[in-house]
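In what follows, a single structure is set out as structure tokens and then discussed.
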Amino acid sequence: MLSGVRTPEGGGPLRTDESEEAAGYMETTSRVGAQAPAADGTAQAVPSARRTVDGYLLAPFPWYGLDEAFTGQRWLMQVGATADGSVEHGSIGHGDEPSVRAEGSLGNSDKERFAVVVTVAANPVRRSADGTGVLEATSVSSAAWLAGVGLLSYTWPGQMDHSLRDNWLDQQTETAWVLADDLDGADWSSLSLPVDGVPTPFHYRESEYGWVLAGSTKESVHLGAYGRGMSAYGLGFSVIKDIAAYA
């Protein structure tokens, strides 16, 4: 296994530097064609105009979003790539672009309605680009972990000082990792949602911060999703026919 990379048992998400996790960088080793929220926990979501579609176009797999039943705003987020530039996962937002929500606050952010869909390439165990290590296989756990950390990126205990806030996020990120490693555990329930019109099983859980779900498709990708203010029970997913249109 590569130095500094941790995965749940059974082939799960690649785990990078803790400071990147704290900033909500849903990525493997680098970001391509997009930017993520600032690490100080006070920034708003990155404006759509500052994101580009370039990284998404490099992916060798199809991107997923909510299906045509959703008629609201859609926006690019960020993609994750390996050291050699191979895109492995990325996110598409739907609804209100979320701002960082302080834990326990009842501000405007509680009125936000959004859902983010995470697409993860279904990759087997493979050698790293430089041949010095092994990258773990991706799985539904990969999608669950990325979705869990993604939700945390918009939930910060804003009244804490910086050192305590970092400790809080470290603990919550570790919890998301443990939960993703036990999709058959009591913290998850089963939910069937349409993917390209076909009923598909998902693992689903709720928390005080929002909801997270994860499953797989027949298109060699795993799907994760997270959201707040928008019920997961009425969602459906489909392949994005033209990702360039999001630019």
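The values are calculated or read from the model by the stated rules, or taken from the named source; none is laboratory data. Remember, predicted model here, so these are calculated numbers, not experimental data. Accessible surface areas use protein heavy atoms only, side chains included; no ligands, DNA or RNA. Shrake-Rupley method; radii C 1.70, N 1.55, O 1.52, S 1.80 Å.
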Taking H placed 1.01 Å from N in the peptide plane, check which residues at least 5 places from GLY236 or on another chain put their amide H under 5 Å from its amide H.
ASP67
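Checking a compactness column here: for the range 161-219, what do you get for Rg(Cα) / (2.2 N^0.38 Å), N being the number of residues? It would help to have the intermediate numbers written out before the result.
Numbers: Rg = 14.8 Å, N = 59, 2.2 N^0.38 = 10.4 Å.
For the range 161-219, the normalised Cα radius of gyration is 1.42.
With all protein chains present and a 1.4 Å probe, how do HIS222, HIS203, HIS162 order by accessible area, largest first? Provide the component values of the computation, followed by the final result.
Working: HIS222 25, HIS203 50, HIS162 100 Å².
Result, largest first: HIS162, HIS203, HIS222.
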Taking θ as phi - 60°, what are the ³J(HN,Hα) couplings along the range 232-246 by the Karplus curve (6.51, -1.76, 1.60), each to the nearest whole Hz, with x for Gly and Pro?
6, 5, x, 8, x, 10, 7, 5, 7, 5, 9, 5, 4, 5, 6
